[in-house]
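Everything on this sheet refers to the single structure shown next.
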Amino acid sequence: KQEVTQIPAALSVPEGENLVLNCSFTDSAIYNLQWFRQDPGKGLTSLLLIQSSQREQTSGRLNASLDKSSGRSTLYIAASQPGDSATYLCAVDDSGNEKLTFGTGTRLTIIP
Amino acid sequence: KAGVTQTPRYLIKTRGQQVTLSCSPISGHRSVSWYQQTPGQGLQFLFEYFSETQRNKGNFPGRFSGRQFSNSRSEMNVSTLELGDSALYLCASSLLHGGAGELFFGEGSRLTVL
């Protein structure tokens, strides 16, 4: 059974710093991995999707990497801003049929 | 392009009642998935529909059911509500089934069971 872990559960950093969020998964046979952000009381916003054949994806200040063999993914956020404060969730699709297994998330706070 | 729309956004029910939640996917998307989010269990997969057929189901009791219409809109129903059913129910749409594609989520329906 796939298990997804995100450490740390919470992270506070000063505005302007670069930071890395971590995601690990137990079964490396995945189709893709997706990173989301969730603001309090809101739904999920898709940030990046990495297919199993890819090593990384970039969107603006965000860069996500994937190392299937080690069961790890990282989300790099450059030049953090207060608006980046949210909970970040990673999710893996190990069946190719839209059934995602989610991590418990990292609650990020950017201090102005 | 409109995103995934879920209604109602908030609702309060009492134990034993039933509830129906609605989800309209992004235009052109044909797969709809449902997830339950609680503080204790996090996000858990409920089921996925494609072409009006349930393609995949999570580990939830039979009180949880769903359906999909020919226009890809989907509904989920929870019967005989229990206190533990209080949660944020999220709907996601994707272009196809089995395409390992990106999922787009709605704002959710927050259900409180008293």
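Computed from the coordinates by the stated procedures, all read-outs in this text should not be read as laboratory data. Since the model is a prediction, treat every value here as computed from it, not as a measurement. Virtual Cβ from ideal backbone geometry, glycine too; neighbours counted across all protein chains shown.
Looking only at segment A:47-62, which residues are in a strand (DSSP E or B) and either over 11 Å from the mean Cα position of the chain (by Cα) or more than 18 Å from A:Thr109 (Cα to Cα) (or both)? Even if it seems obvious, please write down each step before you answer.
Just the residues of segment A:47-62 that are in a strand (DSSP E or B), to begin with: A:47-51, A:56-59, A:62.
Residues satisfying the conditions are A:Leu48, A:Leu49, A:Ile50, A:Gln51, A:Glu56, A:Gln57, A:Thr58, A:Ser59.
So, in segment A:82-110, exactly how many residues are without any contact (Cβ under 8 Å) to a residue 60 or more places away in the chain and touching a Gly at 6+ places or on another chain (Cβ under 7 Å)? Outline the logic, then answer.
Keep residues of segment A:82-110 that are without any contact (Cβ under 8 Å) to a residue 60 or more places away in the chain, which gives A:83-87, A:97-99.
Checking which are touching a Gly at 6+ places or on another chain (Cβ under 7 Å) leaves us with A:87, A:97.
The total comes to 2.
Test A:Gly83 against the criterion of being within 14 Å of chain B (Cβ to nearest Cβ), outside any strand (DSSP E or B) and out of contact with any Leu (no Cβ under 7 Å at 6 or more places or on another chain), and give yes or no.
no
Can A:Arg72 be described as among the basic types (Lys, Arg) and touching a residue at least 60 places away in the same chain (Cβ under 8 Å)?
no
Conditions: (1) part of a strand (DSSP E or B); (2) within 11 Å of another protein chain (Cβ to nearest Cβ). A:Ser65 meets all but one. Number of the miss?
(2)
Only one residue in A:Ser70, A:Ser95, A:Ser53 is exposed (fewer than 13 other Cβ atoms within 10 Å of the Cβ), within 14 Å of chain B (Cβ to nearest Cβ), out of contact with any strand residue (DSSP E or B) (no Cβ under 6 Å at 6 or more places or on another chain) and not basic (Lys, Arg). Which one?
Just a single option satisfies the conditions, and that option is A:Ser53.
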